[in-house]
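The values are calculated or read from the model by the stated rules, or taken from the named source; none is laboratory data. Keep in mind the model is a prediction, meaning the values are calculated, not measured. Quick reminder, even Gly has a Cβ in these numbers, built from the backbone with ideal geometry, and neighbours come from all protein chains shown.
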Amino acid sequence: MSRPRSTSRLLSTLFLATALHAAPFAAWAAESRTVESLIAELRAQGIDVIYSSELVPPDLGAPAPGPGRTPLQRVTDALAANGLALRELAPGQYVVVRAPQAAPREPATEAPMEEISVYASRYSMEGRGVSEPRELRASDIEQVPGSHDDALHALHSLPGLATNASGRPYIRGSLANDILFRYDGITLLDPFHLKNFQSLISAIDPAAVDSLEVFSGGFPVRYGTRSGGVIDIAAPARATGYENRAGVSLISGGVSSMGTAQRWPLEWLFAIRRSTVDLLEPVGDEIGKPQFSDSIGRLRLATENGAWTLGWLLLDDQLELGTPTDDETSDARYRDEYLWLARDHEFGPGLRTRFTAVLTASERARVSQLDQPGVATGALDDHSEFGRVELGNSWIWEQRPDLTWTFGAEASMADSDFRYTRVAEYDPVVAAAFGRSTQNDLQFAAEPRVFTYALHAAGRRQWRSFEAELGLRLDGQHYNLGGDHTQISPRLNLRYDVSDRLRLYTSIGRFTQAQQAEEWRVEEAQGSADPAQVSIHTIFGVTFEPSAATHWGVELYNKRWTTVAPYYDNLLDPLALSPDLAPDRIRIDPKASEAAGFEVNLRHEFSERLSANGTLSWARVADDMGEGDILRSWDQPLAFNVGLAWQESRFSVSALAGWHRGWPRNPLQLVEPDAGDAGEILLAPRNTDRWKDFYSLDLRGSYTWALDHGDLVLTLEATNVTNRANDCCLKLRADESGDFFATETDHWLPAIVNLGVTWRWRGPN
């Protein structure tokens with residue numbers, strides 16, 4: 001009898017896979033433009049520009065914009081051509097003034113430094129590196145295939161990120177848990193829905209995202225606690241007026257609002273959404289009732305020298321996965337709550353600070369059943385609660401235009417309460433094959449607590465063509481189960497501008513990651529905290545821009561973990577609903593690990609309407625197990641993505657084709673019973689074979705109807721449109737006779753279509 005593939009159906013319904021690099025901003029197709037019309041279109045992006053008709057008369061002409069220019073850059077260029085300039089009043093608010101004559105300056109102070117310019121391995125959606133930092137705004141994310149319901153899926157086409165069905169990427173060989181997620185400057189523990197079930201969808205509504213930054217290595221010392229990479233999400237705001245949204249798709253539906261009050265110096269952001277998957281009866285009949293919701297909000301009150309910010313994020317999942325006919329079922333409840341207060345204060349033009357206080361509370365409960373007759377049976381009851389109070393303070397001192405100092409301190413207190421019960425029984429032949437006992441029972445309770453602190457400082461200096469930053473970070477932890485731990489992390493970032501078009505950069509640093517209270521490995525009854533993971537990042541890169549429309553980037557990297565925490569892997573089926581009940585679950589405890597690679601990314605704009613992106617990655621990631629290296633299960637030796645985007649004022653189309661070598665697999669051989677012999681399952685050494693190469697083609701199209709004070713957008717997305725059966729998993733089951741075993745190959749996602757509609761309306765207050 002064929003095994004029902006509920007997990008695959010769940011993934012097929014919920015997951016919108018890889019995404020295209022951000023398409024350019026709205027097309028500027030008119031042959032003759034005025035400065036006033038460019039300003040009007042910039043206001044539609046939520047950026048307010050104040051001007052007088054004396055400086056900007058209605059007929060003031062604008063030159064033809066160059067390719068690759070953002071709306072803000074187009075306005076700046078048009079004003080400069082008329083002897084005018086923009087002066088920033090506040091974030092997102094500008095005033096038009098007469099352009100001052102440039103005064104001669106000393107070479108050392110030719111330009112103020114960009115705060116992020118020196119860092120290696122920093123990517124935006126367009127794959128740009130350290131030389132040209134760019135932001136992906138909410139309006140761009142709306143145009144990316146697969147990100148209509150999940151902003152983080154828009155990052156999956158960047159070089160160095162390996163992904164499967166999960167919304168959590170592997171960044172340059174790191175474990176999925178080695179990535180630091182931040183929103184509005186606040187650390188998020190696990191910002192995904194469907195935890196323990198591939199974390200299919202991120203908890204951040206695209207309506208609540210202003211920009212995304214990804215550091216795949218070499219990140220500055222202000223980012224700590226994780227050793228693999230950083231995904232930093234900024235919240236949106238409007239300098240004036242408001243924008244409301246209401247949208248629904250086959251995945252989720254929600255409403256949002258953001259704006260600025262007219263009478264008070266107050267900005268607001270609210271977004272709430274709920275899954276629609278569980279409301280579709282055909283889907284519910286196949287996979288159960290996966291229900292999730294999230295809400296996010298922010299109030300920002302401006303003061304004379306800064307601002308107060310109050311924010312919150314709430315995640316709530318109520319999951320019933322599988323049906324009575326499936327051999328795996330699971331009911332789960334997850335609830336995460338974040339509340340933060342921040343104070344930004346500027347003491348003068350060169351000195352500013354930010355203080356944050358964050359409260360986090362989480363409750364997670366999971367009850368699972370495994371019933372594979374003749375192979376394995378089991379039951380699981382897992383409940384945990386977690387709480388944390390975190391304080392942080394950071395300072396930036398711009399001593400001179402060419403010299404900047406940053407300082408910071410952090411402290412937190414966290415505690416967890418775990419209750420874990422597992423009962424499992426395996427067929428003797430199956431247990432012998434995986435080196436397990438026929439019984440896999442455990443009852444465990446623990447209450448780990450940890451106090452953490454951190455200090456960090458960095459100095460950044462810029463000369464005419466050279467820029468350097470030296471930073472140092474100190475982290476410490478005190479565990480009630482494990483004592484005191486401390487780590488020191490020096491980091492150095494360098495950049496040299498050979499010319500305006502050619503830049504070289506390099507980075508070397510030490511990155512540490514201490515175990516958090518909520519990361520206790522209850523499935524093995526962990527008794528004391530692990531030593532902190534330690535990784536050394538070494539990066540060298542080159543960026544070249546032969547023209548304003550073309551950007552090349554090449555980067556070589558090495559990431560070596562000298563201390564690695566144990567982790568778990570399922571040899572055959574990584575998509576199991578209850579992986580800790582499955583017999584193929586193994587504990588991996590490397591002596592060291594290493595990831596090395598070579599990445600190339602290219603962006604080219606053929607015209608204002610048509611652009612292309614491409615990435616090529618070669619990489620290897622392996623664990624040193626003492627007797628030799630063994631590839632990690634997400635080792636991706638060769639990967640290639642190419643994307644095209646075409647856009648006019650109302651209609652846009654984009655496509656992304658992706659290919660990579662198959663991920664490692666664990667081959668096995670079934671030896672049939674003979675002459676009273678019970679038979680055998682023979683496993684080859686772990687990860688010594690590969691699945692077939694992975695290929696997918698994703699498409700997106702949208703059409704916008706202009707309405708009074710807003711617009712209506714219809715979006716159609718399709719992933720894996722060729723319906724290619726990309727192999728992923730091997731499932732072990734009893735054969736038809738019930739006397740021995742058979743295997744079945746499962747696949748990643750088939751073709752998936754998502755249809756959504758969004759209504760946006762705006763006003764001046």
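Annotations
- Residues located in segment 429-475, provided they are surrounded by fewer than 17 Cβ atoms within 10 Å (Cβ to Cβ), small (Gly, Ala, Ser) and more than 28 Å from residue 581 (Cβ to Cβ): 459, 465, 468
- Of all residues in segment 185-225 being charged (D, E, K, R) and over 23 Å from residue 471 (Cβ atoms), the one that is nearest to the chain's Cα centre (by Cα): 190
- Screening 705, 659 for residues that are out of contact with any Pro (no Cβ under 6 Å at 6 or more places or on another chain), under 30 Å from residue 250 (Cα atoms), assigned to a strand (DSSP E or B) and without any contact (Cβ under 8 Å) to a residue 40 or more places away in the chain leaves exactly one candidate, 659.
- Segment 631-654 - residue that is more than 16 Å from residue 602 (Cα to Cα), of a type outside the set (Asp, Glu) and in contact with a Pro (Cβ under 9 Å, 6 or more places away or on another chain) and, of those, modelled with the lowest pLDDT: 647
- Tally, over segment 339-381, of residues that are hydrophobic (A, V, I, L, M, F, W, C) and not in a strand (DSSP E or B): 1
- Residue 723 vs. criteria within 34 Å of the chain's Cα centre (by Cα), at positive phi and among the polar types (S, T, N, Q): yes
- Identity of the residue in segment 638-694, of a type outside the set (A, V, I, L, M) and on the phi > 0 side of the Ramachandran plot, that ends up farthest from the chain's Cα centre (by Cα): 676
Yes or no, residue by residue, for (1) modelled with pLDDT of 95 or more; (2) polar (S, T, N, Q); (3) under 18 Å from residue 525 (Cα atoms):
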site: 563; (1), (2), (3): yes, yes, no
site: 576; (1), (2), (3): no, no, no
site: 592; (1), (2), (3): yes, no, no
site: 599; (1), (2), (3): no, no, no
site: 602; (1), (2), (3): no, no, no
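- Segment 598-649, subset of a type in the set (Phe, Trp, Tyr) and part of a strand (DSSP E or B), residue surrounded by the most Cβ atoms within 10 Å (Cβ to Cβ): 646
- For segment 469-500, the set of residues classified as closer than 25 Å to residue 446 by Cα and in a strand (DSSP E or B) consists of 475, 476, 477, 478, 479, 483, 484, 485, 486, listed by residue number.
- Unmet criterion (only one of (1) at pLDDT below 90; (2) within 24 Å of residue 189 (Cβ to Cβ)) for residue 300: (1)
- Residues of segment 565-592 satisfying the condition of being under 23 Å from the mean Cα position of the chain (by Cα) and either part of a strand (DSSP E or B) or closer than 26 Å to residue 158 by Cα (or both): 567, 568, 569, 574, 575
Condition check ((1) at pLDDT below 95; (2) in a strand (DSSP E or B); (3) not small (Gly, Ala, Ser)) across all residues:
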position	(1), (2), (3)
512	no, yes, yes
515	no, no, yes
526	no, no, yes
529	no, no, no
534	no, yes, yes
538	no, yes, yes
543	yes, yes, yes
546	yes, yes, yes
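- Failed condition for residue 588, given (1) among the aliphatic types (A, V, I, L, M); (2) touching a Ser or Thr at 6+ places or on another chain (Cβ under 9 Å); (3) at pLDDT 95 or above: (2)
- Residue 674 meets the conditions (1) surrounded by fewer than 17 Cβ atoms within 10 Å (Cβ to Cβ); (2) part of a strand (DSSP E or B) in every case but one. The failed one is (2).
- Enumeration of residues in segment 713-724 that are farther than 13 Å from residue 146 by Cα and either surrounded by 16 or more Cβ atoms within 10 Å (Cβ to Cβ) or in contact with a helix residue (DSSP H, G or I) (Cβ under 7 Å, 6 or more places away or on another chain) (or both): 713, 724
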